[in-house]
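The values are calculated or read from the model by the stated rules, or taken from the named source; none is laboratory data. As the structure is a computational prediction, the values presented were derived from the model and not from experiment. Note that we place each Cβ from the backbone using ideal geometry, even for glycine, and neighbour counts take in every protein chain shown. Note: accessible area is taken over every heavy atom of the protein model, side chains too, but ligands, DNA and RNA are not part of it. Shrake-Rupley method; radii C 1.70, N 1.55, O 1.52, S 1.80 Å.
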Amino acid sequence: MIVYKTEEEIELIRASAKVLAQAHGEVAGMIREGVTTRQLDRRAEEFIRDNGGQPSFKGYNGFEYSLCISPNSVVVHGFPSDEPLKSGDIVSVDCGVLLNGYHSDSAYTYPIGEVAPEVLKLLADTKQSLYLGIEAAVAGNRIGDIGYAIQNFVEKKGYGVVRELVGHGLGKKLHEAPEVPNYGKRGAGTKLQEGLVIAIEPMINLGTKSVVQEKDGWTIRTKDRKPSAHFEHTVVIRKDKAEILTSFDYIEKALQ
């Protein structure tokens with residue numbers, strides 16, 4: 001069942017999303033060669049709790065961390081570790097915040113040091129595909145229009161669109177209906193209505209769309225071991241233009 005949000009609820013999600021955006025900024029300010037992803041995880045949790053929130057992911061179905069940190073060929077759901085980041089890596093940082101009873105969710109993929117040009121292009125194109133999906137997320141359109149906008153853009157560039165993992169609604173629960181695939185047909189699927197809050201999150205692979213799950217039961221990796229990028233925003237459906245509740249501003253300021 002889809003739960004549409006009142007303006008009051010949207011404001012509560014917006015407040016959650018602000019703490020989330022700031023937490024991402026804290027992490028972005030630390031990302032460099034030699035830093036471990038476990039250090040990033042600790043800082044994110046500390047910041048979220050210091051600002052009255054809870055990490056949405058920690059304890060979710062037994063997940064032990066505040067961040068999903070996914071380097072290189074890991075698509076999503078990677079565990080933080082004590083292995084230092086090194087030049088040439090890319091790393092996706094996915095975070096959620098529960099504040100005032102409402103969740104927000106966003107992700108950003110970072111290049112570390114000197115990254116291959118084709119991988120940097122993958123990051124730029126995946127980020128652009130996120131905004132193309134958001135442009136299609138307006139009242140009167142359908143879920144398939146979002147997926148089509150993403151898929152049509154990235155597949156023309158030769159990338160693989162992950163099928164097994166999708167975006168989602170969110171609110172009082174981290175994952176609510178409807179599912180929001182990053183592929184689809186125009187005019188297909190659930191009709192978008194004002195007040196629907198969803199996470200749109202392209203997961204785009206440099207090579208094949210195929211993925212495998214590691215033995216830990218969480219980590220999803222590209223089957224061909226080529227890099228994957230992941231960008232995500234929480235948005236609310238409006239009449240003429242989707243409103244983005246999360247923000248990359250704190251990240252981009254930290255990276256300057």
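With runs of 4+ DSSP H residues as the only contributors, calculate the mean residue ellipticity of the chain at 222 nm using -39,500 (n - 2.57) per run, divided by the residue total and rounded to the nearest 500.
Numbers: 5 runs with 75 residues, N = 256.
That comes out to -9500 deg cm²/dmol.
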Give the Rg (one decimal place) followed by the Dmax (whole number) of segment 115-194, computed from C-alpha coordinates and expressed in Å.
-> 13.4, 41
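Classify the chain as rounded, prolate or oblate, taking a ≥ b ≥ c as the square roots of the eigenvalues of its Cα gyration tensor: rounded when a/c is under 1.5, otherwise prolate if a/b is larger than b/c and oblate if not. Don't jump to the answer; show the numbers that get you there.
On the way: a/c = 1.65, a/b = 1.14, b/c = 1.44.
Cα axes put the chain in the oblate bin.
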Within the accessible area of the chain, what % is carbon and sulfur when the probe is 1.4 Å and the other protein chains stay in place?
-> 48
Just grab the label-to-label distance for Glu7 and Ser210, each label 7 Å out from Cα along the Cβ direction, in nm (one decimal).
-> 5.2
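For segment 31-93, with every protein chain kept in place, what is the accessible area per residue (1.4 Å probe, Å²)?
Numbers: 2760 Å² over 63 residues.
I get 44 Å² per residue for this part.
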Distribution output for segment 24-71: share of Cα-Cα pairs per 10 Å bin in percent, first bin at 0, values 26, 55, 18, 0
For Lys157, the aspartates and glutamates lying under 16 Å Cα to Cα, once residues fewer than eight places off in the same chain are dropped, come out as Glu118, Asp125
How big is segment 1-122 by the Kirkwood estimate over distinct Cα pairs, in Å?
-> 15.0
Over 21 Å between Cα atoms, which of Lys18/Lys86; Lys127/Lys241; Lys209/Lys239; Lys18/Lys253 qualify?
-> Lys18/Lys86; Lys209/Lys239
Restricting things to alpha carbons, find the Rg to Rh ratio for segment 178-223 using the Kirkwood radius for Rh.
-> 1.07
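Give the ranking of Asp89, Asp50 by solvent-accessible surface, highest area first, calculated with a 1.4 Å probe.
Numbers: Asp89 15, Asp50 120 Å².
Heavy-atom accessible area, descending, gives Asp50, Asp89.
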